[in-house]
Amino acid sequence: MIEYILAVVLFAIGLYGVIVKRNLIKIIIGLMIMEYAVNLFLALIGYRSGGAPPIVEVGKNQIFVDPLPQALVLTAIVIGLGTTALLVSFAVRIFEKYDTFDVHKIRKLRG
Amino acid sequence: MVSALIPLIGLMICGAVIALETKDLLSGIISLGIIGFALTIVFLILQAPDLAIVQIIIETLTLIILIAAVLKTTIKDSIESLKARKVILWVAGLVCVAAFIFASLKAFADISAFGSPVLRMAEYYLSNGVTGTGAVNLVAAIILDFRAYDTLGEATVLFTSVAGVVAVLRKKGRT
């Protein structure tokens, strides 16, 4: 159970970063920490004690870990790269226009 | 081997705190790399070699993208916040984090203990995966056969985000 709680603590640190930080890059880092925490939590849920990786060797009767969360996390990791690239490109574009990463200054300069 | 999980996740938490609190954005991104590469080892310990392979590739690409963006713009985080705003932000952050941790601790009562998952759908995949799809790697059997539409959607999202990046960053056609 302590593993689950540590994963939640990691997610909470990312949430704190997204809410409190004012630098756009720091906000992106916070979002990525949340993404890592969720992937970690799903992989932890699928673990079975003494389980082997879900690769079948024919003729052997083995205990496997749950392959379904692994498949979902595999999808989530790749999509995470896409969203991160999009976020970073928005941040770079905003910096080119306003010359700052500060979200409050960017809000003041609107219009 | 599972006993190494807790120190590794502790290392990830340390990396997360450093990544958010450092004043140098480049150091912050390198600290983010600590989390990603520690996560690779955690996946290996959790018997997920496919995830470890994908994670190490994606982590490297993400770090390259972030470092390129930061070197192109600025590596200093010289934003000092106003006193009044700071208090409001801290209170809001603490309330959100506390509510989240409280809700998840409540939810843990309904989750089965670590190491003994509830295999409802996976039971079918485990028993019929090889005969149904012919793939010995069950993760590949799930993402490419049982749930192939998910993978199609993933490819769509990836293509859309790449199109978005190209549209946002291109120099041509800007006024």
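Here B:158, B:138 are screened, and the one residue that is among the aliphatic types (A, V, I, L, M), in contact with a Pro (Cβ under 8 Å, 6 or more places away or on another chain) and not assigned by TED's automatic domain parsing to the domain that holds residue B:47 is B:138.
Residue B:48 fulfils the conditions (1) surrounded by 15 or more Cβ atoms within 10 Å (Cβ to Cβ); (2) at pLDDT 90 or above; (3) not acidic (Asp, Glu) except for a single criterion, (2). Output the residue which, of all residues in the range A:13-61 that are assigned to a loop (DSSP other than H, G, I, E, B), among the small types (Gly, Ala, Ser) and within 7 Å of another protein chain (Cβ to nearest Cβ), is nearest to the chain's Cα centre (by Cα). Once the filter is applied, the top-ranked residue is A:46. Residue B:102 meets the conditions (1) part of a helix (DSSP H, G or I); (2) surrounded by 16 or more Cβ atoms within 10 Å (Cβ to Cβ) in every case but one. The failed one is (2). Only residues that are in contact with a Leu (Cβ under 7 Å, 6 or more places away or on another chain) and within 10 Å of residue A:33 (Cα to Cα) were counted across the range B:16-40, and they come to 2.
When only residues in the range B:1-45 that are polar (S, T, N, Q) and closer than 19 Å to residue B:73 by Cβ count, which is surrounded by the most Cβ atoms within 10 Å (Cβ to Cβ)? Selected residue: B:31. Being assigned to a helix (DSSP H, G or I), open to solvent by less than 90 Å² (accessible area, probe 1.4 Å) and touching a helix residue (DSSP H, G or I) at 6+ places or on another chain (Cβ under 7 Å) is a property that does not hold for residue B:60. Answer yes or no as to whether residue A:95 is more than 12 Å from the chain's Cα centre (by Cα) and within 28 Å of residue B:170 (Cα to Cα). The answer is yes for residue A:95.
The values are calculated or read from the model by the stated rules, or taken from the named source; none is laboratory data. All figures in this text were calculated on a predicted structure; none of them were measured in a lab. In this analysis, Cβ positions are derived from the backbone assuming ideal geometry, glycine residues included, and neighbour counts consider all displayed protein chains. Surface areas here come from the heavy atoms of the whole protein model, side chains and all, with no ligands, DNA or RNA. Shrake-Rupley method; radii C 1.70, N 1.55, O 1.52, S 1.80 Å.
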